[in-house]
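Here is the structure we will look at, set down as structure tokens.
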Ligand SMILES: [Fe+2]
Ligand SMILES: [Fe+2]
């Protein structure tokens, strides 16, 4: 089947601007170390000859790197990727995707810096190809983030999400979404997804991940055999992506995908990052919410098994999706608030972990419960009501996180400011976290 044929008939390929073999939707990803290694991924409607990336410090490029090409069962689109190694940290490069007879526009990308620097990154989950998704990506594009952390449920090509009887994958949803994110930012700054339940797709291998992993190049430095786990660093911030399908109590289709090894990997990874003198901030992302008062999915006791690790290693932010809303918790230890941080406030992050739901990326929204109640799904699937004194701020519409980091100044304090913005770019929540190198700050109260 031709790309788009099912929705627009067999003449779609003649539409102006759409050429069957034209390379499209270029996207940057991180390699194992984004200071020196990046990936470039893109798509063509059909097989092409000699897909390559021209790569270099200017428009003379200098390196021609051949692509690896993959396909998914039942779909003609070819997905190409190149890993570019041996780069210099913090340097701008130019690249161009091409094959025999066609080329994409030249793009600029930058490697991760060797030292801490001010920067902004974006985070969202649960997007799809809706009008809301387009608005969110417009806001994201205007923020020019250094990278984007996606919290799963990327395009909903398989609506079953690992719950309903296996359905049919609408591959067009993937290709539309890849173009959307490429245009907004991913052609210039890395797109870094954690896996959601909707990346479990019918006919895509035992675990349903084959379509996702064919289209998205992940860093590949996580738990051996489980590429949905990875970590990476930009300046003094470390990101860790975890596969919540492994442990979810609500959606059990992929439980034990790691064979029980993911938790040990997570503990080792967090220990290593917290011991790294160049890492101040640790941000962990996974799909299912540890703490959320939304009525659709609520909280998942399965992922709360990792909370002791987040406490032990002083994880600063845990970012989730799955619930299509925004929610911020108070700083927590052992699931209980250790302070009250109102919108606009500051917090000494070494004393408590802030959990964020960033599932407002564009998918259909669902109501929040009446505060302060949550429903937590426990092992066996029962949904148990619980009080939610941890709920700090909630927003039940499309939204995006823009997170700005300033490196340690002369006093040794670094700040991480979480801004939650609406689909029009209006800020509706903000909290600033503080950390001092090698020294836990006392908890600070909200700013006046
Ligand atoms: Fe979702
Ligand atoms: Fe989900």
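The numbers here are math on the coordinates, done by the rules we state, and not lab data. Since we're looking at a predicted model, the values are computed, not measured. So basically every Cβ, Gly included, is an ideal-geometry build from the backbone, and we count neighbours across all protein chains shown.
For the pair region 358-416 / region 58-126, the C-alpha centres are spaced 32 Å from each other.
Need one number: convex hull volume per residue for region 202-351, Cα atoms only, in Å³. List each step's numbers first, then the result.
Values: hull volume 19.6 nm³, N = 150.
In region 202-351, the Cα convex hull volume per residue is 131 Å³.
For the pair residue 383 and residue 92, label points projected 7 Å from Cα toward Cβ lie 5.0 nm apart.
As a size descriptor, the averaged projected area of the C-alpha convex hull of the chain was calculated at 20.5 nm².
Taking 0.36 nm per residue of separation and subtracting the current Cα-Cα distance, fully stretching the chain between residue 163 and residue 311 would add 50.2 nm. Counting only DSSP beta bridges with both residues in region 119-436, the antiparallel share comes to about 65 percent. Its Cα gyration tensor gives region 101-238 an equivalent ellipsoid. The semi-axes, each the square root of 5 times an eigenvalue, are 26, 19, 14 Å from largest down.
Computing FRET efficiency as 1/(1 + (r/R0)^6) for residue 267 and residue 102, where r is the C-beta to C-beta distance and R0 is 35 Å, gives about 0.15. For a paramagnetic label modelled at 7 Å from the Cα of residue 206 toward its Cβ, which residues of region 212-229 fall within the zone defined by backbone nitrogen distances under 16 Å? Under cut-off, by backbone N: 224-228. Remark: relative contact order (the chain) = 14 percent; criterion is Cα-Cα distance under 8 angstrom and separation of 6 or more residues. Extent of region 201-250 along its three principal axes (Cα atoms, max minus min coordinate, largest first): 40, 27, 17 Å.
Of 289, 96, the sequence from fewest to most neighbouring Cβ atoms within 10 angstrom is 96, 289. If you take every DSSP beta bridge whose two residues both sit in region 233-380, what share of them, in percent to the nearest 5, is antiparallel? Within region 233-380, antiparallel bridges account for around 40 percent of the total. The GNM of the chain, with springs linking C-alpha atoms under 10 angstrom apart, assigns the highest mean-square fluctuation among 410, 343, 351 to 410. Taking the helices alone, the chain has a mean residue ellipticity at 222 nm of -3500 deg cm²/dmol, built from -39,500 (n - 2.57) per DSSP H run of at least 4 residues and averaged over all its residues. A simple spin-label model places the labels of residue 340 and residue 364 3.7 nm from each other, with each point 7 Å out along Cα-to-Cβ. Note on residue 70 and residue 224: the model spin-label points, each 7 Å out from Cα along the C-beta direction, lie 2.0 nm apart.
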